[in-house]
Amino acid sequence: MDQQQKKYVYWEWRTIIALMIAYALYYFVRKNFSVAVPAMEAELGISKAKLGAFMTANGIIYGVSRFINGILTDRFSKKKLMAAGLALSAIVNLIICFSPSIGKLFNMLDGEGKATLGLVYLIGSLWVLNGYLQGMGVPPCLSILAHWVKPSELATKQSIWNTSHSFGAGLVVFLCGFLLQKFGYSAWYLCFAVPAIISLLGLPVILFGLKDSPAAVGLPPVEKMEKKKDVTGTDSVTEKLDLKGADFKKYLNKMVFANPYIWIISIFNFCVYVIRFTILDWGATFLTQYKGMEISAAAGIVGSSELFGGVLGMIVAGWISDKVFKSKAHRTCLVFDLLATFTFFLFWKSGNLTMSVILILVSSFFIYGPQALTGACISQQATKNAAGTANGIAGIFGYASTAISGILFGFLADSVWGWDSVFLVSIAFGIIGAILIATMWNAPATGYARSERVIAELTAQSQD
């Protein structure tokens, strides 16, 4: 291995590890809310329907933010955008922590210590704002990865990075579950304060551990390190994108907005996220109310589903995509989606508590495969030059799913139909997603050949 190759390998893995730590910290100030839900419901008297509405509004704004910040990521400093989002998100969590104490300005608690309408709207508004700030995390990550990782290895290594979702969510679930178990439901505010402080302490990882692209450390574009031309389709034209202004907008239109594969993957992402959020956002609640678990045990199961099911599922799915399906990650998405839907159905129908725990872990294993791979699919089809924008579209669809997993599921869980109706709707979306992604079975592994044609066409037009 020559010096340039050694330098590239060092910076590639430094980038992956730094992005994993940084994005795990994003989850510390994002998925803490889900564990705090039962405590906030009990202590503040906020209904599941209202808490579900917060989740939905947060998710929709998050999706819009991912789209906006995806466009910004393709144009400005990626690491600075990511650092700003984490810092501001942590500050919002600290404000939520102290929100009931803002008695000098507003009457936040009634005579019984329950939340007034003012506190409900304050927490809801802050959580919606947090949704936008959280949208500043994924686009820089995916764009940086597309610049640093070879196309033939992107599914595997992006899946490794994607385990940061599960590490972050799993650790914060365990942390918040421990805090509630030790200090009681009245200490719900610690679920916001402690993760926020930890996240602020991790900011140097982003600012000093990352570089936006290989060029920042004197390395050539990653395509020059790629030996498998059958994966990229080229190793010349796509090395550098020289299109500017109107031509770049035309490039984005052809590679993203007029690319049917981007829309298929994005809608599939919507369906995947319905099941994912059913487990992650409502898991601690339905395990206590539907399966009869104690809160700390339920939080532990949800945390385990993230750390065991999620992490292992992502890594296995990435490896299968690159080694078995020759970087055609959409094929892995189909297989894993079907298995996730089937095992979630078995969880719903299981009357045995031990078997239910096993099945929720197995379902998480399979659902996190496509959750991790949709980003890789999008980046591969749009190429590194438009990965941020394309993943922004997928983000809108993914988090628009909170209209189902948030408002609708909160309403259904509170209704006479109960949790059975929630599980039924989740399974229906899993089946719909499988049908959609199956239409891409014969699609190419990447869009680099398409990109080469588009660049050549636009370059010829500009010369006429």
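The values are calculated or read from the model by the stated rules, or taken from the named source; none is laboratory data. Predicted model, so just to flag it, every value in this text is computed and none were measured. Quick reminder, even Gly has a Cβ in these numbers, built from the backbone with ideal geometry, and neighbours come from all protein chains shown.
If we scan the range 452-463, do we find a residue that is loosely packed, with under 14 Cβ neighbours inside 10 Å, without any contact (Cβ under 8 Å) to a residue 40 or more places away in the chain and more than 28 Å from Q380 (Cβ to Cβ)?
Yes, the range 452-463 contains a residue that is loosely packed, with under 14 Cβ neighbours inside 10 Å, without any contact (Cβ under 8 Å) to a residue 40 or more places away in the chain and more than 28 Å from Q380 (Cβ to Cβ).
How many of the residues making up the range 291-348 are of a type outside the set (D, E, K, R) and either within 30 Å of G184 (Cβ to Cβ) or not in a helix (DSSP H, G or I) (or both)? Quick ask: steps written out before the conclusion?
First pass over the range 291-348, keeping only residues of a type outside the set (D, E, K, R): 292-293, 295-305, 307-321, 324-325, 327, 329-330, 332-336, 338-348.
With either within 30 Å of G184 (Cβ to Cβ) or not in a helix (DSSP H, G or I) (or both) added as a condition, the list becomes 292-293, 295-305, 307-310, 324-325, 327, 347.
Within the range 291-348, residues that are of a type outside the set (D, E, K, R) and either within 30 Å of G184 (Cβ to Cβ) or not in a helix (DSSP H, G or I) (or both) number 21.
Looking at F336, F397, F342, can you tell me which residue is farther than 25 Å from P260 by Cβ and hydrophobic (A, V, I, L, M, F, W, C)?
On the way: F336 fails: farther than 25 Å from P260 by Cβ; F397 fails: farther than 25 Å from P260 by Cβ.
Result of the check over F336, F397, F342: F342.
Got a sec? Which of L175, L180 is surrounded by 19 or more Cβ atoms within 10 Å (Cβ to Cβ), within 25 Å of Q371 (Cα to Cα) and touching a Phe, Trp or Tyr at 6+ places or on another chain (Cβ under 9 Å)?
On the way: L180 fails: within 25 Å of Q371 (Cα to Cα).
Answer to the selection: L175.
Report yes if some residue within the range 341-353 is of a type in the set (S, T, Y) and either at positive phi or modelled with pLDDT of 85 or more (or both); otherwise report no.
Of the residues in the range 341-353, the ones of a type in the set (S, T, Y) are 341, 343, 350.
Adding the requirement that they be either at positive phi or modelled with pLDDT of 85 or more (or both) leaves 341, 343.
Yes; the residues of the range 341-353 include at least one that is of a type in the set (S, T, Y) and either at positive phi or modelled with pLDDT of 85 or more (or both).
Which residues, counting only those in the range 292-317, are surrounded by fewer than 19 Cβ atoms within 10 Å (Cβ to Cβ) and either touching a strand residue (DSSP E or B) at 6+ places or on another chain (Cβ under 7 Å) or at pLDDT 80 or above (or both)?
Residues satisfying the conditions are A297, L312, I315, V316.
List every residue pair whose Cβ atoms sit under 9 Å apart, with the two residues 6 or more apart in sequence or on different chains, where the first one lies in the range 123-134 and is closer than 18 Å to G395 by Cβ and the second, anywhere, is in a helix (DSSP H, G or I) and charged (D, E, K, R).
Q134/R66
Failed condition for F366, given (1) farther than 26 Å from V222 by Cα; (2) not in a helix (DSSP H, G or I), with all others met?
It is condition (2) that F366 fails.
In the range 73-111, how many residues are under 19 Å from the mean Cα position of the chain (by Cα) and either modelled with pLDDT under 85 or not in a helix (DSSP H, G or I) (or both)?
Counting residues in the range 73-111 that are under 19 Å from the mean Cα position of the chain (by Cα) and either modelled with pLDDT under 85 or not in a helix (DSSP H, G or I) (or both) gives 2.
Name the residues in the range 288-297 that are aliphatic (A, V, I, L, M) and touching a residue at least 60 places away in the same chain (Cβ under 8 Å), would you? Working first, answer last.
Filtering the range 288-297 for residues aliphatic (A, V, I, L, M) gives 293, 295, 297.
Within the range 288-297, M293, I295 qualify.
Hey, among T446, T374, which residue is polar (S, T, N, Q) and not in a helix (DSSP H, G or I)? Show your work before the answer.
Details: T374 fails: not in a helix (DSSP H, G or I).
Criteria check complete, one pass: T446.
Restricting attention to the range 213-231, which residues are surrounded by 17 or more Cβ atoms within 10 Å (Cβ to Cβ) and either modelled with pLDDT of 85 or more or among the hydrophobic types (A, V, I, L, M, F, W, C) (or both)? Break it down stepwise before answering.
In the first step, residues of the range 213-231 are kept if they are surrounded by 17 or more Cβ atoms within 10 Å (Cβ to Cβ); the result is 213-214, 219, 221-223, 225-226, 231.
The answer is P214, L219, V222, M225, V231.
Of the residues that sit in the range 113-137 and are polar (S, T, N, Q) and surrounded by fewer than 20 Cβ atoms within 10 Å (Cβ to Cβ), which one is modelled with the highest pLDDT?
First, pick out the residues of the range 113-137 that are polar (S, T, N, Q): 116, 125, 130, 134.
Then drop every residue that is not surrounded by fewer than 20 Cβ atoms within 10 Å (Cβ to Cβ), which leaves 116, 125.
Numbers: T116: 62, S125: 82.
Applying the filter and picking the extreme gives S125.
With the requirement that a residue be over 14 Å from H165 (Cα atoms), touching a Leu at 6+ places or on another chain (Cβ under 7 Å) and touching a residue at least 60 places away in the same chain (Cβ under 8 Å), what does the range 364-380 give you?
A376, S379, Q380
Hey, could you check the range 415-443 for residues that are among the β-branched types (V, I, T) and in a helix (DSSP H, G or I) and say which is surrounded by the most Cβ atoms within 10 Å (Cβ to Cβ)?
Across the range 415-443, the extreme among qualifying residues is I437.
Which of the residues that make up the range 141-166 are of a type outside the set (S, T, N, Q) and touching a Phe, Trp or Tyr at 6+ places or on another chain (Cβ under 8 Å)?
At the first step, the residues of the range 141-166 found to be of a type outside the set (S, T, N, Q) are 141-142, 144-151, 153-155, 157, 160-161, 165.
Within the range 141-166, C141, L145, W148, P151, W161, H165 qualify.
Every residue in the range 122-145 that is within 14 Å of the chain's Cα centre (by Cα), in a helix (DSSP H, G or I) and among the hydrophobic types (A, V, I, L, M, F, W, C), please.
Passing the criteria: L133, V138, C141, L142.
Which one of these does A169 not meet: (1) small (G, A, S); (2) within 29 Å of V9 (Cα to Cα); (3) surrounded by fewer than 24 Cβ atoms within 10 Å (Cβ to Cβ)?
Checking A169 against (1) small (G, A, S); (2) within 29 Å of V9 (Cα to Cα); (3) surrounded by fewer than 24 Cβ atoms within 10 Å (Cβ to Cβ), the one that fails is (3).
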